[in-house]
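First up is the structure itself, then whatever we jot down about it.
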Amino acid sequence: MTGALLELDSVSKTFTRGGLFSRTQVEAVIDVSFRLEAAKPEIFSIIGESGSGKSTLARIILALQTPTRGVARFKGRDLATLRDGADRHAFMAAVQPVFQNPFEAFNPLKRLDRYLYATCQRFAGAKTETAMQEGADKALRQVGLSLAEVKGRYPHELSGGQLQRVAIARALASGPSLLIADEPVSMVDASLRASIVNLFRKLRDELGLSIIYITHDLATAYSISDRIIIMQKGQVVESGDARTILADPKHPYSRTLKESVLEPLAPGERPLFAR
Amino acid sequence: MFVVLRDLLRYNGEFLAGILMTGVVVAMALLSFVSPYPPLDQFVAPMDVPPSAAHWFGTTSRGQDLFWLLTYSIRNTLAFGLLVAILSRILSLSIGLLAGYRGGWVDRVLMSINDTFIVIPLFPILVLFYFVMRDNMSWVMLAVLTALLGWSYDARLIRSVALSLRHREFTQTAVFSGMRTHEILSREHLPFVLPIVFSTSLNNMNWSIGLEVTLAVLGFTDINRPSVGGMIYWANQHSAVVAGVWWWIAFPVGLVVMLFIGLYLLAISMNEYIDPRSRLERGGGRKE
Amino acid sequence: MSAAMRNPAAKPETADGPVVAVRDLRAWYRLRLFGVDREVKAVDGITFEVRKDEIYGLAGESSSGKSTLVKTIAGAMRPPLEIVGGEIQFSFMDGTMGLNRAPADLVERVRWRHLSYVMQGSMSVLNPVRRIGTSFFDFAFRHMGLDKAGFEAAVVAHLARVNLPASVLKAYPHELSGGMRQRVTIALATICRPQFIIADEPTTALDVVVQKDVLAMFRSIQREMASSVLFVTHDMGVHAHLTDRLGIMYAGRLVEEARTPDVFARPRHPYTRHLIHSLPRIGDDRPRSGLEGTPPSLANPPSGCRFHPRCAFATERCRVEVPPMEQVAPDHRVACFEKDRVEATP
Ligand SMILES: Nc1ncnc2c1ncn2[C@@H]1O[C@H](COP(=O)(O)OP(=O)(O)O)[C@@H](O)[C@H]1O
Ligand SMILES: Nc1ncnc2c1ncn2[C@@H]1O[C@H](COP(=O)(O)OP(=O)(O)O)[C@@H](O)[C@H]1O
Ligand SMILES: [Mg+2]
Ligand SMILES: [Mg+2]
């Protein structure tokens, strides 16, 4: 197990839906295995349409759900054995999430800086008010903001891009080694998308952070990922080096996905839905 | 908050009427502090005087001035309603929020307790308690009992809101910011249910006051402590209606009905404010 | 009330006139908080038209006022949003204020048959306590002129076009996934084959694969009816493949408008240029940059050209004067003082 930051070993998750009589089983994740090395920080993308089990996988990695079968280990520790308390606390300091919708990531009735202070206090050992403010400012500077811009503000006072940066800064404040970003750019426009994706690249290169980037946007996945897996109905249908796979997908589903991506036209190309 | 109040006052007739009616009742209760008569004194005024300039609401067959007696009664009745509302709010908030947030077995256990309380027939229980406790039955104890029996509907309502809050992303953000359960409940989720709590506590007050009045009219409470129900009880004991002392019944009944309607109007106007769908309609927009 | 007002269909349709013409429209959110007035100038002086038989696209970063603009056109304004000035003229009804301030029964008749509107966020139109089938009946039955069996068959056939099974008619909105709900609202808006369809980010919540089908459906319905569509999305890839003409919004104003291929091939406004250059492509490794600086506040927008604080081409004049929208080529309008320099820069 030495050297693995995160290791998934034939992880499956089955949900049972319905009441006593009409039970249906949903196999959300089936036999997924992969491994991230501690020594080699990378951006690992999980791609698939909605319902393909990406978020379920993310929740398993965040130890919010336990797999039905298989084992997920973080630094050698089986996540299913985490109990509430000190263990989980230490785990949460090391693995942090970034969510899909920046407008939903913070309580609309509360000030944003609270979350940064709380993270610094609980995970980074900041004891005093000043230490919390310094920690928050440091984290915000890593994403191109500063505490002065965020202090005392409510979520509705910031733009979506700024909020997503604050969300990333909050995750960084605990000093994690793994970031799980579940569709972090699906709600923002192209320009913001570019800046957030660039930020991920910078975090990987400068802080040595590993990032699991979940998306259905193949174009950004192509531009930042080192490795990808493509999921369909809970199963991994293709995995490996991002450039190789996206340049020339082998599996029919991966091809359909790639063909469905609407990119700006090359000169002479005809629009798909022309009149 | 102030803007909300101002807008409600300006645009919502029910809210204005509710405020006025409850305001009159509360003002009555406050007057008790300047009453010329101590509440328990009897035969300090002439008996059975109809409403007049000297005695606005008339006097009782026990020689009490009805107006000033009523100020004490309504104060006690309001205090009872408030105490029940506060106690049952504490119960329903903590149980509803916790059940909704934790889900799983915590939710199942709490909700089965909740459902037990919903089906308990509360009136017989209260009467039974009265017969067991007899003279030891103070109004505070009655309030605690009523609160114990009156939190369950609202807990369910609060739970359903908490259940939806649990799945919102900001709850996860709070968890991964290292906040503990009680912090998440009190700082993150409580603000969302407060408007509901306001409106349901008004309804809850109505319910508990109605219960207390009924018990008192039947003589199942401490009859020496003035209360609106107690006044009606004594009026009946003296056959007030037959004797033509109608005011002894009419004023207490009128006042408590006014309180009921006032609280009810406040509750529904609050509801309208809370429910975004009805707010949109009121905002002049049409339904698509 | 004129005869035409009473019967909107009675208005003679001009052969090639626009379906909607918007002139210098200004729609602001007027908020009063603690005695302080705050005006969010979300739509501030917009002029454009949607012609017959075309899909007009509207693009721009989030919070640039796209939704506000289409809400105003669709007559779906709610306080604190107010029209402060300008005109909206439809081909199918009289008046210069569009559906705003029109009597309720007129709006009732124009909705769904002449104009339908797919709102951003799919849950809002569907009544949570009614089955999907009931919603279809409520909205569309009167306008379709079919008997019950025929109506149901038509609905089922229409649902099939957005890849929905007939069984969704029996479902409640919360039982469907977000993508399915979104497709239901699109089906609702298109089933009466209205002349003018307004769609606000209708595919943003959908997967690429489903999105492709839905976009194809938009085009085929548009083609069948020769109707007009005002299609809002921030996704430039969608615009490239679907829309015929494209308007770019920035901070409550239109900054550029042209035939879609021209916008991509020859953008003249620095903002449009940036937008197009920031699009990532599979197989293209050039780094993309986000826009520097903070997005403009619409409550207190920058003076002059609203893009100037983030613009590499800005001059002193841009800080003071508001650049007018000027025709630079057939069907190509730009609001920029430096448009020639922008075009000359590779
Ligand atoms: N808590 C749950 N209970 C039942 N089914 C679930 C639950 N969470 C997810 N699912 C189901 O698992 C499948 C995968 O969902 P999800 O992981 O959210 O996919 P994605 O993130 O790729 O869109 C879906 O069919 C979904 O309905
Ligand atoms: N109900 C509202 N009250 C006040 N401001 C609003 C309201 N709705 C939107 N806004 C503001 O109007 C501006 C434009 O928003 P919108 O039209 O939704 O933009 P877009 O659709 O381009 O994302 C934003 O600054 C937004 O904050
Ligand atoms: Mg997901
Ligand atoms: Mg919008």
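The values are calculated or read from the model by the stated rules, or taken from the named source; none is laboratory data. Predicted model, so just to flag it, every value in this text is computed and none were measured. Positions of Cβ are generated from backbone atoms using ideal geometry, with glycine treated the same way; all protein chains shown enter the neighbour counts.
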Boolean, C:D262 is at pLDDT 90 or above and among the acidic types (D, E): yes
Which listed residue, of B:I158, B:I184, is more than 14 Å from chain A (Cβ to nearest Cβ), at pLDDT 90 or above and more than 17 Å from B:L122 (Cα to Cα): B:I158
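Which of the residues that make up segment B:31-52 are without any contact (Cβ under 8 Å) to a residue 12 or more places away in the chain and within 28 Å of the chain's Cα centre (by Cα)?
Within segment B:31-52, the first condition is being without any contact (Cβ under 8 Å) to a residue 12 or more places away in the chain, and the residues that meet it are B:33-34, B:38, B:49, B:52.
Within segment B:31-52, B:F33, B:V34, B:P38 meet the criteria.
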Residues (away from ligand 2 (no atom under 12 Å from the Cβ), more than 14 Å from the chain's Cα centre (by Cα) and not β-branched (V, I, T)) located in segment C:38-91: C:G45, C:K52, C:D53, C:G85, C:G86, C:E87, C:Q89, C:F90, C:S91
Boolean, C:R142 is of a type in the set (K, R), in a loop (DSSP other than H, G, I, E, B) and either farther than 22 Å from C:E201 by Cα or in contact with an Asp or Glu (Cβ under 8 Å, 6 or more places away or on another chain) (or both): no
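Return the residues of segment A:48-99 that are basic (K, R) and without any contact (Cβ under 8 Å) to a residue 24 or more places away in the chain; say none if nothing qualifies. Even if it seems obvious, please write down each step before you answer.
To start, the set of residues in segment A:48-99 that are basic (K, R) comprises A:54, A:59, A:69, A:73, A:75, A:77, A:83, A:88.
Passing the criteria: A:R59, A:R77, A:R83.
From C:C305, C:C318, grab the single residue that is surrounded by 12 or more Cβ atoms within 10 Å (Cβ to Cβ), farther than 19 Å from C:I46 by Cβ and out of contact with any strand residue (DSSP E or B) (no Cβ under 7 Å at 6 or more places or on another chain). Please lay out each step first, then the result.
Working: C:C305 fails: farther than 19 Å from C:I46 by Cβ.
After applying the criteria, what remains is C:C318.
C:V229 - would you say it is away from ligand 2 (no atom under 16 Å from the Cβ) and either surrounded by fewer than 22 Cβ atoms within 10 Å (Cβ to Cβ) or in a strand (DSSP E or B) (or both)? Break it down into steps so the answer makes sense when it comes.
On the way: away from ligand 2 (no atom under 16 Å from the Cβ): yes; either surrounded by fewer than 22 Cβ atoms within 10 Å (Cβ to Cβ) or in a strand (DSSP E or B) (or both): yes.
For C:V229, the condition - away from ligand 2 (no atom under 16 Å from the Cβ) and either surrounded by fewer than 22 Cβ atoms within 10 Å (Cβ to Cβ) or in a strand (DSSP E or B) (or both) - is met.
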Subset of segment C:268-290 that is in contact (Cβ under 8 Å) with a residue 60 or more places away in the chain and crowded, with 24+ Cβ neighbours inside 10 Å - its residue that is farthest from the other protein chains (Cβ to nearest Cβ): C:R268
Verdict on A:R170 being more than 16 Å from ligand 1 (Cβ to nearest atom), buried (at least 23 other Cβ atoms within 10 Å of the Cβ) and over 24 Å from C:R273 (Cβ atoms): yes
Restricting segment A:94-110 to residues that are more than 8 Å from chain B (Cβ to nearest Cβ) and at pLDDT 90 or above, the residue that is farthest from the chain's Cα centre (by Cα): A:A94
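State all residues of segment A:90-106 that are farther than 13 Å from B:M179 by Cα and away from ligand 3 (no atom under 16 Å from the Cβ); if no residue qualifies, say none. Can you show your working first?
Quick first cut of segment A:90-106, residues farther than 13 Å from B:M179 by Cα only: A:90-91, A:94-106.
Those that are farther than 13 Å from B:M179 by Cα and away from ligand 3 (no atom under 16 Å from the Cβ): A:A90, A:F91, A:A94, A:V95, A:Q96, A:F103, A:F106.
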Qualifying positions in segment A:31-54 - crowded, with 19+ Cβ neighbours inside 10 Å and within 11 Å of ligand 1 (Cβ to nearest atom): A:I46, A:I47, A:G48, A:E49, A:S52, A:G53, A:K54
Complete set of residues in segment A:31-57 that are within 16 Å of ligand 3 (Cβ to nearest atom), out of contact with any helix residue (DSSP H, G or I) (no Cβ under 7 Å at 6 or more places or on another chain) and either at pLDDT 95 or above or within 23 Å of A:R255 (Cα to Cα) (or both): A:G51, A:S52, A:G53, A:K54, A:S55, A:L57
Residues that are part of a helix (DSSP H, G or I), surrounded by fewer than 22 Cβ atoms within 10 Å (Cβ to Cβ) and more than 7 Å from chain A (Cβ to nearest Cβ), drawn from segment C:190-213: C:V210, C:D213
Residue that is surrounded by the fewest Cβ atoms within 10 Å (Cβ to Cβ) [pool: residues in segment A:55-76 that are among the aliphatic types (A, V, I, L, M) and touching a strand residue (DSSP E or B) at 6+ places or on another chain (Cβ under 7 Å)]: A:V71
